[in-house]
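Just below is one structure, and these are the notes that go with it.
The values are calculated or read from the model by the stated rules, or taken from the named source; none is laboratory data. This structure is a prediction, so every number in the text was calculated from the model and none was measured. Virtual Cβ from ideal backbone geometry, glycine too; neighbours counted across all protein chains shown. We work out accessible area using only protein heavy atoms, side chains counted, and drop any ligands, DNA or RNA first. Shrake-Rupley method; radii C 1.70, N 1.55, O 1.52, S 1.80 Å.
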Amino acid sequence: MNSVSPGLRGVTILGATGSIGTSTLDVIARHPTRYRVHALTACRSREALFGLCRVHHPAVTVLDTEDDAAWLRGRLAESGMDTEVRAGKAALVEVAEASEVDVVMSAIVGAAALLPTLAAVRAGKRVLLANKEALVMSGALFMEAVSASGSTLLPIDSEHNAIFQCLPSEHRAGLERHGVSQLLLTASGGPFRGWSPEALAAVTPDQACAHPNWSMGRKISVDSATMMNKGLELIEACWLFDALPDQIQVVVHPQSVIHSMVAYTDGSVIAQLGNPDMRTPIAYGLAWPERIDAGVEALDLFALARLDFETPDEAAFPCLGLARAAMTAGGTAPAILNAANEVAVEAFLAGRLGFTAIGDLVARVLESSEVSAVTDLATVLEADARARRTAADWLMRQ
Ligand code: NAD
Ligand code: MG
């Protein structure tokens, strides 16, 4: 049993079996005198979650279905472990807001992270935001909840973590007041940078998931390949840093060593550099404002030798422009964009949709959806559900 020692910070990891979840556990395991794992959650990957329980001894785990939870209870009992196992969406919310928890890592992929992440925010936790879809969907509502509860929201997405590190600490008072002229959001350009439209049309899921610099889950890998990931990140940056879409310049930087930059009116540009390893932003978020070892190799500038920069090819990768347009339209448009993209990426990964049709489907759903003001969470969830139905109908007709 995980006894609660004073001084140790209790951590819940939502999406513990994924790429970000396991990197978070790697950093935590390096600092046993600082952190205690309270809860680990997964959707269906029960074997992987069982493996994590044996190493990290959480007090609670959560799986999506009661069947998987029963299986895990059995395995834990055989191993003499008394980790509690819960099932379902309400249990995700419970472990996000539990009183034993100080820090919540939001690393579930997609819209499924929205409710537990908001619960952590409302409970005033330190929220490490790796998931981007929740903030893209709920924007102002999410940021208002952060202000109202006094939750500490720390961006883990490497670009936003870099911008956070390059901004003055009181940046929430507004970018202009601090002399910021532009946020420079770097992008690797994905595995298909420079490819022709004909070659892009024939891309397979395995090709799209083989990112040149980062090892990530399949959904974000596809988003990186279409550049929808950069579009979602542009929206994420607008909300996190109170910026307008035209204050953000996307800079393709194939080496993924500069993780983003902030340009100031006096001509200064401040950048954050490091090897492309998510353990750096994760360690930053866990320990902020202190710094701790993340297990990441020091950057070798001599081996690197050069840094390249290009403008994004928005004709070949239309998803970036679609996301910028959705943010400019405001209201429920980003939630509609996100929902359509989730349906499209799932269909692509299942072999039911071509790579370039991902952008086509998102554009169709945006064109045919009514955008309304975001007044409450129900409006966001309705827009999300409606956009998923529209996208599914479009897919059926293909
Ligand atoms: P992943 O696919 O590797 O892991 C996802 C995790 O979420 C798994 O633990 C899975 O069991 C769980 N999950 C999936 N669907 C769920 C559902 N419906 N309900 C509950 N749990 C569910 O994904 P990842 O690459 O770790 O990415 C996680 C999030 O972090 C994404 O939103 C992604 O955009 C963001 N992010 C990832 C990286 C990266 O390097 N991997 C970088 C920046 C941001
Ligand atoms: Mg990123």
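Compute, for D242, the solvent-accessible surface of its heavy atoms (probe 1.4 Å) with the complete set of protein chains present, and express it in square angstrom to the nearest 10. About 100 Å², ignoring ligands and nucleic acids.
Of the peptides 150-156, 69-75, the ranking by mean beta-carbon count within 10 Å, highest at the top, reads 150-156, 69-75.
Counting only protein heavy atoms and a 1.4 Å probe, segment 163-396 has 44 square angstrom of accessible area per residue.
Using only alpha carbons, build the gyration tensor for segment 149-208 and give me the equivalent ellipsoid semi-axes, biggest first, whole Å. If you can, show how the numbers build up before the last one.
Values: eigenvalues 260, 47, 14 Å².
Ellipsoid semi-axes (Å, largest first): 36, 15, 8.
With the radius of gyration and the Kirkwood radius both derived from the Cα set of segment 9-156, what is their ratio Rg to Rh? Don't skip to the end; give the middle numbers.
Values: Rg = 14.4 Å, Rh = 15.0 Å.
Rg/Rh for segment 9-156 comes to 0.96.
Across all C-alpha atoms in segment 262-322, the radius of gyration and Dmax reach 16.2, 43 Å.
Using only Cα atoms, what is the ratio of the radius of gyration of the chain to 2.2 N^0.38 Å? The reported ratio for this selection is 0.96. Our summary gives segment 23-131 a relative contact order of 20 percent, counting only alpha carbon pairs under 8 angstrom and 6 or more residues apart.
When each of the peptides 194-202, 388-396, 218-226 is scored by the mean number of other C-beta atoms lying within 10 Å of its residues, the order from highest to lowest reads 218-226, 388-396, 194-202. Assuming charge only on the beta carbon of Lys and Arg (+1) and of Asp and Glu (-1), the dipole of the chain about its Cα centre is about 580 debye to the nearest 20.
Backbone amide hydrogens, once placed in the peptide plane, bring Q272 within less than 5 Å of H259, S260, excluding anything fewer than 5 places away on its chain.
Across segment 163-396, the mean sequence separation of Cα contacts (distance under 8 Å, 6 or more residues apart), normalised by length, yields a relative contact order of 23 percent.
For segment 243-398, the Kirkwood hydrodynamic radius from C-alpha pairs, put into Stokes-Einstein at 20 °C and a viscosity of 1.002 mPa s, yields a diffusion coefficient of 115 µm² per second. The DSSP beta bridges internal to the chain are antiparallel in roughly 25% of cases.
So for the chain, averaging the separation of alpha carbon pairs under 8 Å that are six or more residues apart and normalising by length, what relative contact order in percent results? Intermediate values should be presented prior to the final figure.
On the way: 724 pairs, mean separation 57.8, N = 398.
Dividing the mean separation by the residue count of the chain yields 15 percent.
For V85, the residues whose modelled amide H falls within less than 5 Å of its own, excluding neighbours fewer than 5 places apart on the same chain, are T61. The loop-placed GluC sites (Glu not before Pro) in segment 111-189, going by DSSP, that have at most 16 neighbouring Cβ atoms within 10 Å of their Cβ come out as E170.
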